[in-house]
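Engineer: Once you've had a glance at the structure underneath, I'll fire off some questions.
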Amino acid sequence: KHIDLMSIDVEGFEGNVIQGIDFSKHLPYMLVIETDKVPSNVISSLLPPFYSNVENDHINGVWILKDK
């Protein structure tokens, strides 16, 4: 039931996948998301506000769950 790490790499459909996640049921501690096709600022806008972008190498970004 507890998810430590979720990695999303779906060749440009990252936004669709994020929009399909029920964050009221699933709160992965760390999200690693491909950002070379969907920019990290777009990804950040789709994630709930309790995720913070802590790293981005323009291929992948890392978001960490903050205290809610």
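Throughout, read-outs are computed from the coordinates displayed, never taken from laboratory work. Since this is a predicted model, take the numbers as computed values, not measurements. In this analysis, Cβ positions are derived from the backbone assuming ideal geometry, glycine residues included, and neighbour counts consider all displayed protein chains.
Engineer: Give the number of residues within region 24-68 that are surrounded by fewer than 15 Cβ atoms within 10 Å (Cβ to Cβ), among the hydrophobic types (A, V, I, L, M, F, W, C), in contact (Cβ under 8 Å) with a residue 24 or more places away in the chain and touching a strand residue (DSSP E or B) at 6+ places or on another chain (Cβ under 9 Å).
Structural biologist: So the count comes out to 2.
Engineer: Just one of (1) touching an Asp or Glu at 6+ places or on another chain (Cβ under 8 Å); (2) surrounded by 17 or more Cβ atoms within 10 Å (Cβ to Cβ) trips up VAL10, so point out which.
Structural biologist: Result: VAL10 fails condition (2) only.
Engineer: Within region 1-31, can you find the residues that are among the small types (Gly, Ala, Ser) and over 12 Å from PRO48 (Cβ atoms)? Lay out the reasoning, then the answer.
Structural biologist: Just the residues of region 1-31 that are among the small types (Gly, Ala, Ser), to begin with: 7, 12, 15, 20, 24.
Hits for region 1-31 are SER7, GLY12, GLY15, GLY20.
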